Every structure is written in structure tokens, then in C-alpha cells.
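Below is one structure, written out as C-alpha cells; comments come after it.
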Amino acid sequence: MKSYMVAVAAMALAIGGAQAQSNYPERPVTMIVPFAAGGPTDVVARIVGEHMSRTLGQQIVIENVAGAGGTTGITRGAQANADGYTIMMGHMGTHGAAPALYPNLKYDPTKDFAPVGLAAGTPILVVSKNAIPAKTLKEFMDYAKANASKLNEAHAGVGSVSHTTCTLFNEQLGIKPNRVAYRGTGPALNDLVAGQVDYACDQIVNLVPQIKAGTIKAFAIATAQRNPALPDVPTTIEAGMPDYQVSAWNAIFAPKGTPEAIVTKLNDALSKALDDENTRKRLLELGADIPDAKGRTPRALQQLVDSEVGRWTPVLKAAGVTAN
Amino acid sequence: MDMLANLALGFSTILNIVPVELPGIGTVPLPMNIILCFIGCLVGTLIGVLPGVGPIATITMLLPITFQLGNPTGALVMLAGIYYGAQYGGSTTAILVNIPGEATSVVTTLDGHEMAKQGRAGVALGISAIGSFFAGCVATIVIAALAAPLTRVALLFGPAEYFSLMVMGLIFAVVLARGSVAKAVIMILVGLLLSTIGTDLETGQERMTFGFGPLSDGVDFAVLAMGVFGFAEVLRNLEVSESRDVVNKPIGRLLPSMADLKASAAPILRGTGLGALLGILPGNGAVLGPFASYTLEKKIAKDPRRFGRGAIEGVAGPESANNAGAQTSFIPLLTLGIPPNAVMALMVGAMTIQGIIPGPQVMTRNPDLFWGMIASMWIGNLMLLIINLPLIGLWVKLLKVPYRLMFPAILVFSCIGIYSVNNSPADVVFTAAFALFGYSLIKLGFEPAPMLLGFVLGKLMEENLRRALIISRGDMLTFMEKPISATLLVIAAVMLGLALLPSVRKSRDEVFTE
């Protein structure tokens, strides 16, 4: 009798649970963006989130929880209830470089999440001030090697995208320049335009207008294909540094244990957003790479996270950078 | 002539009447941009008055709405209105309840709140509105006429120049002191120390956080200011039950008299100039504006002792500087596409979401947006004056609310405001801790204003010092080799000498009399 009751209760729970999942979402969904509002990740989250809200029939509310290179917000998201009402927009830093940068990290990017899907890739460019005599990436590489002791690289703080991606650039080039830290990309770019510092690596979003206006020089874009936002800038493969392939990708994650039905629903909404013409147009204007159908699946994202953690950890450890 | 044509384009963009479908009424032609500008200014004023809720939190909250507008100019005009509306509103709280909502209104508390205590709250609010309006108008003309050439000023300031500017700023802090110079210096040093808490930018190492997570990004300015000013002030007021000095005084005039206006005219002019110039600098140079203006007014006053005891010049000058700086800090954003402070970074995001990527070409590629923004600043300033002057009577009446009702409201709103800065509960607890600290400071006769300035400048100063030295490969002479930097350091040295001389002489006199 008792076991029968338990079975009925369990069944009722299961049905109730299944129903809750099929009705999902019944209230607004919070998307944690682990950076300040207005930055590249925030903008991608808002553009994609806006269309996803329409598909889901519930508003996706962006909550900016900035701090510690994005790990504060992701930690909070990882510990949230796995009911699909808290999701987060992670990126290359929080789910790739963080384990190497933060020895006391409270989450494991490869294990503590239910990946939803890749939202956008944001290619990295190598740029310099106009006064550098080099015209191509090859010339710049020669110049950098010859003047390594005089060279100043600007980045947006230890652990930032510009810092990690340039760490890899410097390592592949075999140079140890002076690295000048700024509080964010804005001030770093200001000093690059003004010629106070020599070069930088950064996300395409921040750089397109400056390159088009001719206030700084772009040597190469670190992707396999050229970008429609900057059709004249050659890829690193064309320009002679084929191993330098980096992107500050943005992807949606849910906490580990989020029911598969909910993840599927979210992934479906994300995929619809990425197929929407207006959303695509906005993302392309930013210079973003929109993943194709294969690249959007939860499985593809899990593979991306695994490979990124595996790739950045040795690079950053070798360079001796930790933030903590 | 170009400028006039451009301004005409701007005004026509702002005054543009578009058919809007209103549910139930049908299609009505409305000047949407003007309405959005008004909404922005009104919301800005209101959130500026609420202690703690700053423009950053508000603009972030309103970002999703801008999606629905489908009109980039209107959306940006509204967000800009929130920003400078908040600068107006922030001085209201600074004057009435001694809470600086932003770094830029710290100075306003010094004489503004003293004026309120003397029953001159209306006059203080009035002169700050008038000064801000004048400064806003001038700054708008500066942006329209000189934005492009002024961009070069922003690029002239590298790390070395910036460091020297901050050194000069710290000397201002000494002059801010109402009482003992020694105590002021101690407070500046405390502020500098507080600014070193958090993750070090160059190495990524945590400093003075004791491994405590919430400290890893340092102490937020709002947390510190709200604690040592707002909460500590509440504690101090609670000591004396229901006999707050403000309540006992008659309200007095609501608007400044001719004599007040006469006394304020020159400070408003000087404040506008200083604020407009400092606002252009990258890295939040605008925060220095009000401090610089206050220092200047105190230095050239016939009787500097009136400052800190309700001198109207100490409100008029800094308030004008504040608003002029708020306006000209749009220059680097509009002409270079590079945001000079956190609010402008948010504006970049707002523009990007609207499909306009800010950069050097915005002026030529989106002239209606560029000039529309500029025209909206002038209209916005006019609106703020219209919104704020009638409100003065209302604000002053708030002072009549019994304190037992007032202080819980202040505390609740402040806590909400602080939480909204980073969505972090730990910040609220920190504020409470700083309240106790601030209260002990008051009891021991230390002033928090120089500490706040030290805190704001400390981080900028240290980071730029290290940047400059990394670039110069450790050569200290870099600060003297660059002409702008050298000039600023010399000015700082002279000012320090002027500040210290009287007290040195006085102590010598004291020695002789004994």
C-alpha cells in the first residue's frame, strides 16, 4: 500500500514536472550578463535576447553582474536554480581562460553547466597606431621582433579578452613587449589612437569605426574567412600567421541539471533568433560571426568549451599570468 | 555658417513631427523626439533626487525600451536627458540631505547643505539650477562650434599628463578642507589607501581584500559616498531627537535675490569654463571640474572663511562646472567614438544596439543624429530649468517632513540605490560599515570630502603613474619632459605652497606667542 502511494506521488510529481517543463516559460527569464551594460557581450545578449523573448513568449530580462573578469556573474548563474529561469551569457574569458586566470574559481566551465548554444563569434584583430611603419602583418612581425624592447602593447586589464588574446599573439611571435593595462577598451583605444602605445589585439566590435576612419591600422583578422564588416583586412592565414585563430565567442549557458526539454526550448529560440533577418543584420554590423546550424547545438558548445579551456590554460600558465 | 546650417538640421530633427498611433485615439502627429527628451529629463531629475539610484542603473534599466522605439535619435536623446537630468537632480539631494549621489556633487554638499541649514535651501537649489542652465547652454555651443578641434585635447592627454593632472587634483583636496590642513591630508591619504583595495590592473593580483570575494573589484564610489556622507549624516541627526537644525529654520526665499545672482555671476562663468575644459578629458576628467571650481572660488574669495559655512559661490561655481563637464564629456564619444566614462560607455552600447556604431564617422554618416543630439542638449537644459524651478518649493517642503519619517525613507531608497549599482547585496553591508566609519570621522572632527576626492583620484593617479612609467621604461623624468605634464606639476607645487604657507606662518606665530 505504502509503496503504491509513493509510486502515485512520484508519478504525480513526474507529470507535474513534465507539465512545468512543457509550459516553460511561465514567467520572465533572467539572463545574467557578467559584464557592464553597453559592452560587447551585453550588446550581443540584448540583440539575441530580444528576439528570443518573442519566441518564448516571455521577456528575457538582462541582469548585469559585473566583476572579476566576468566570473562573479557566472558563479552566481552556476549556483542558481536549474529551472531554466536563470541563464547566462558566457564568453571566451569566463568559459575558456578563467580556469587558468583564477586558481580559486568556484565553477568548472566544462562540468558545471548545461550548454544552450553559441550565439556569436567576435573575431579578434591585430591593430597598431598609425605611426608604426609596417603595412602588412609580415612587416609588423619583423618590426615587432626587431623592436621588441621598445614596443608597448595596450590591453584592457589582466584577464580581459584583449589581454588573453594578445598573450597568445606575443607567444606565437616570440616577443615580450611592455604590456600596458587600461581600465577597459575605451581608454586603451584612446591612447592607441593618440599614439601613446604601439599595438593591441581586440574584438572587432570596438575597432571597426576606428579602422574605417583611418585612425589606427589593422594588420589581420584572426579568423579563417575575411569579415564583411572589414573586407579589406586579410585573415591571419593569408597574412602569414595561420596558427593565430582566436575569437571572443559569446554563448548561452544554463546551470547544470537544467531539464533537457528546457535547454532544447532555449536552443530553439536562440536558433530562431540567429535566423532572423533583422537580428542577423545587427550582429553582422557588429562584425560578429553567426554560427551555422551545426555550430549552434548544445553539443557543439560543450566541445568548444572543452577545447578552449584546453587551449588557453597552457598559454596563460606559460606566460605566468594569474588574476587573483 | 556651417555651424548654423548644422544646428538647423539638429533642431529640425528634434522638432520633427511624426504620426504616432495611440491606442484608442488613432494616429496623432506628435513631436516624438521632444517628448522623449522631456521624459528623459524628468526621469533623470527624479532618479537624481533619489539617493543612490544613479544614471548608470537607470539607463541600463531603460535600454530594453529603446529597442521598441525604433528611432535611434529619439532613444539617445532620451538616454542623454537621463544623464544630465541626473546631474541636476543629484545636487538636490546633496543640498537637502547632504548625500552626494555622484562624485561630482560631493562639493555641492559642503556649502549647499550649509545653506539649507541656514534656511536658504531654496536659494541654493535655485542658483544651482540657474548655474547649470547657463553652463549647459554654453557647453552646447562649445560642442557645436568646437567639437572637432577639441577632440585633439582628449588625445593630448596620455598617462603622464593624466598623472600630473591628478596630482594637481589632490592639491585641490587640501584646499577643500574647512578646518585643519593636517587632518585634510590624513583624510586624503585614507582615501588613497581605500582606492588601492581590489584587483591590481597591471598584475591581476588582489590587494588588501583578505581573500574576500566581494572586495576583489574594490570599493564602489557610491558605497563609500553613501556610507560616509548619507548614512553617517542620518546617524548624526538621530543623536539630536527631532530637533534637526533645518526644520527649525523658516524656509526663507525660494529663489535667489539680485544680490545672490550678482555674487554668483562670476563663479558661474569661471565654473562653466573649467568644467567644460575638464569634461573633454578621457578617463573621467569631468569629476575634477567641481573640485577645481570650488578651489578657485575659495582661493580668490575676499574672505575664504565663508566657504564651508554656506557661501553661495561655493554652490554656483561647482554646479556650473558639473553640468558643463557632463555636457562636454559627450565630445570624445561623438567625435572619436571613445567613451570617457562609464555613462558614456553605456551610451556606446545604446547606440550599438540601435545599429549605430559610434566612431569618428558618426558626424558625417549620421549628421541628423549627431546634430540632433546637440540640439537636444540645449532643449533638454531648458526643460530641466522648467521642471526644476517649480519643484524647488516642493523639495524645500520635504524638509518639513518630520525626521522620524524622513530617515527611514532615506535609508530604504539608499539601500535600493546601492544594490542597483552592481546587483550586489554585499555592497549594502559595506555601506553600513562605512556609515559607522563616517560617523566616527565626524565625531573626531575629520572631514570626509577630501577622503572622497583622494579615493576618486587615487585609482586614476596610480594607474596612470604606472602606465607612464611602463611606457617610459621607468624614467621618472617623463613627467617633466612632457610640456603639459610639467606645467601641471608646477601649478600643483605652487598651489601646495600657497596652501601651506599660512598654516606654517600661523604655527610659527603661535610658537612665538607662547
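The values are calculated or read from the model by the stated rules, or taken from the named source; none is laboratory data. Remember, it's a predicted structure, so these values are computed and weren't measured experimentally. A quick note on method: Cβ atoms are made from the backbone with ideal geometry, for glycine too, and the neighbour counts reach across all protein chains shown.
Here B:V20 does not fit the description of being under 29 Å from the mean Cα position of the chain (by Cα) and not charged (D, E, K, R). Among the residues of the stretch B:445-476, those that are farther than 14 Å from B:V167 by Cα and under 24 Å from the mean Cα position of the chain (by Cα) comprise B:F446, B:E447, B:P448, B:A449, B:M451, B:L452.
Quick check on my filter: what residues within the stretch A:271-286 are among the aliphatic types (A, V, I, L, M) and without any contact (Cβ under 8 Å) to a residue 40 or more places away in the chain? Passing the criteria: none in range. Among the residues making up the stretch A:157-194, those that are of a type in the set (G, A, S) and within 8 Å of another protein chain (Cβ to nearest Cβ) are A:G157, A:G159, A:A181, A:G184, A:G186, A:A194. Of the residues in the stretch B:162-188, how many are at pLDDT below 80 and of a type in the set (K, R)? So the count comes out to 1. Note on the stretch B:5-53: residues that are assigned to a helix (DSSP H, G or I) and within 29 Å of B:A86 (Cα to Cα) total 28. When B:T13, B:T27 are checked against the criterion of being in contact (Cβ under 8 Å) with a residue 60 or more places away in the chain, in contact with an Asp or Glu (Cβ under 9 Å, 6 or more places away or on another chain), more than 30 Å from B:A311 (Cβ to Cβ) and not aromatic (F, W, Y), a single residue qualifies: B:T13. Scanning the stretch A:40-78 for residues being within 7 Å of chain B (Cβ to nearest Cβ), surrounded by 20 or more Cβ atoms within 10 Å (Cβ to Cβ) and either of a type in the set (D, E) or in contact (Cβ under 8 Å) with a residue 60 or more places away in the chain (or both) gives a total of 5.
Just one of the numbered conditions (1) modelled with pLDDT under 90; (2) hydrophobic (A, V, I, L, M, F, W, C); (3) touching a helix residue (DSSP H, G or I) at 6+ places or on another chain (Cβ under 8 Å) is not true of B:L146: (3).
Checked against (1) part of a helix (DSSP H, G or I); (2) more than 22 Å from the chain's Cα centre (by Cα); (3) within 26 Å of A:V309 (Cβ to Cβ), A:K212 passes all but condition (3).
For the stretch B:296-340, what are the residues that are among the β-branched types (V, I, T), more than 14 Å from chain A (Cβ to nearest Cβ) and touching a residue at least 40 places away in the same chain (Cβ under 8 Å)?
The first filter runs over the stretch B:296-340 and keeps only residues among the β-branched types (V, I, T), leaving B:300, B:312, B:315, B:328, B:331, B:335, B:338.
Narrowing further to those that are more than 14 Å from chain A (Cβ to nearest Cβ): B:300, B:312, B:315, B:328.
Within the stretch B:296-340, B:I312, B:V315, B:T328 meet the criteria.
Within the stretch A:85-145, considering only strands (runs of 3 or more DSSP E) that don't extend past its boundaries, which have at least 3 residues that are over 17 Å from A:T41 (Cβ atoms)? Break it down into steps so the answer makes sense when it comes.
Values: elements: A:86-91, A:113-120, A:124-129.
Ranges flagged: A:124-129.
Residues of the stretch A:53-84 that are outside any loop (DSSP other than H, G, I, E, B) and small (G, A, S): A:S53, A:A68, A:G69, A:G70, A:G73, A:G77, A:A78.
Taking the condition within 14 Å of chain A (Cβ to nearest Cβ) and in contact with a helix residue (DSSP H, G or I) (Cβ under 8 Å, 6 or more places away or on another chain), does B:V343 pass? Answer is yes for this residue.
Which ones in the stretch A:79-96 are among the aliphatic types (A, V, I, L, M) and surrounded by 24 or more Cβ atoms within 10 Å (Cβ to Cβ)?
Of the residues in the stretch A:79-96, the ones among the aliphatic types (A, V, I, L, M) are A:80, A:82, A:87-89, A:92.
Within the stretch A:79-96, A:I87, A:M88, A:M89, A:M92 meet the criteria.
Yes or no: B:P267 modelled with pLDDT of 90 or more, more than 27 Å from B:V53 (Cβ to Cβ), more than 14 Å from chain A (Cβ to nearest Cβ) and surrounded by 16 or more Cβ atoms within 10 Å (Cβ to Cβ)? In short, yes.
Kindly list the number of the only condition in (1) away from chain A (no Cβ under 14 Å); (2) within 28 Å of B:N322 (Cβ to Cβ); (3) in contact (Cβ under 8 Å) with a residue 12 or more places away in the chain that fails for B:G349. Here B:G349 clears every test but (1).
A:A222: touching a strand residue (DSSP E or B) at 6+ places or on another chain (Cβ under 7 Å) and modelled with pLDDT under 95, yes or no?
Working: touching a strand residue (DSSP E or B) at 6+ places or on another chain (Cβ under 7 Å): yes; modelled with pLDDT under 95: no.
No; evaluated as a whole, the condition is false for this residue.
I'm trying to understand the selection: among the residues of the stretch B:58-86, which are surrounded by fewer than 24 Cβ atoms within 10 Å (Cβ to Cβ) and at the interface with chain A (Cβ under 10 Å from one of its Cβ atoms)? Scanning the stretch B:58-86 gives B:T60, B:M61, B:L63, B:P64, B:T66, B:F67, B:Q68. Of everything in the stretch B:149-161 that is in contact with a Pro (Cβ under 8 Å, 6 or more places away or on another chain) and within 9 Å of chain A (Cβ to nearest Cβ), the residue that is modelled with the highest pLDDT is B:F157. For the stretch A:216-247, give me each residue that is part of a loop (DSSP other than H, G, I, E, B), farther than 23 Å from A:A148 by Cα and out of contact with any Asp or Glu (no Cβ under 9 Å at 6 or more places or on another chain). Once the filter is applied, which keeps residues that are part of a loop (DSSP other than H, G, I, E, B), farther than 23 Å from A:A148 by Cα and out of contact with any Asp or Glu (no Cβ under 9 Å at 6 or more places or on another chain), the stretch A:216-247 yields A:A224, A:P228, A:P231, A:D232, A:V233, A:P234.
Across the stretch B:370-380, not a single residue is classified as within 11 Å of another protein chain (Cβ to nearest Cβ) and within 30 Å of B:V138 (Cα to Cα). Restricting attention to the stretch B:407-432, the residues that are within 14 Å of chain A (Cβ to nearest Cβ) and either free of Cβ contacts under 8 Å to residues at least 40 places away in the same chain or part of a helix (DSSP H, G or I) (or both) add up to 9. Among residues belonging to the stretch B:19-40 that are loosely packed, with under 13 Cβ neighbours inside 10 Å and β-branched (V, I, T), point out the one that is nearest to B:M383 (Cα to Cα). The extreme case among them is B:V28. Within the stretch A:195-209, the set of residues being at the interface with chain B (Cβ under 7 Å from one of its Cβ atoms) and under 19 Å from the mean Cα position of the chain (by Cα) comprises A:V208 only.
For the stretch A:280-314, residues that are in a helix (DSSP H, G or I), surrounded by 20 or more Cβ atoms within 10 Å (Cβ to Cβ) and not basic (K, R) total 7.
Here are A:I211, A:I237, A:I221, A:I290: which of them is among the β-branched types (V, I, T) and touching a helix residue (DSSP H, G or I) at 6+ places or on another chain (Cβ under 6 Å)? Walk me through how you get there before you give the answer.
On the way: A:I211 fails: touching a helix residue (DSSP H, G or I) at 6+ places or on another chain (Cβ under 6 Å); A:I237 fails: touching a helix residue (DSSP H, G or I) at 6+ places or on another chain (Cβ under 6 Å); A:I221 fails: touching a helix residue (DSSP H, G or I) at 6+ places or on another chain (Cβ under 6 Å).
Going through A:I211, A:I237, A:I221, A:I290 in turn, just one is among the β-branched types (V, I, T) and touching a helix residue (DSSP H, G or I) at 6+ places or on another chain (Cβ under 6 Å): A:I290.
Taking the numbered list (1) assigned to a helix (DSSP H, G or I); (2) modelled with pLDDT of 75 or more; (3) over 32 Å from the mean Cα position of the chain (by Cα) in turn, B:F479 passes all entries but (3). Can you say whether A:S3 is modelled with pLDDT under 85, over 15 Å from B:T60 (Cβ atoms) and of a type in the set (S, T, Y), as far as the supplied structure shows? Criteria met by A:S3. Mind telling me which of the residues B:G211, B:G218 ends up being at the interface with chain A (Cβ under 10 Å from one of its Cβ atoms), part of a loop (DSSP other than H, G, I, E, B), buried (at least 17 other Cβ atoms within 10 Å of the Cβ) and over 18 Å from the mean Cα position of the chain (by Cα)? On inspection, the qualifying residue turns out to be B:G218.
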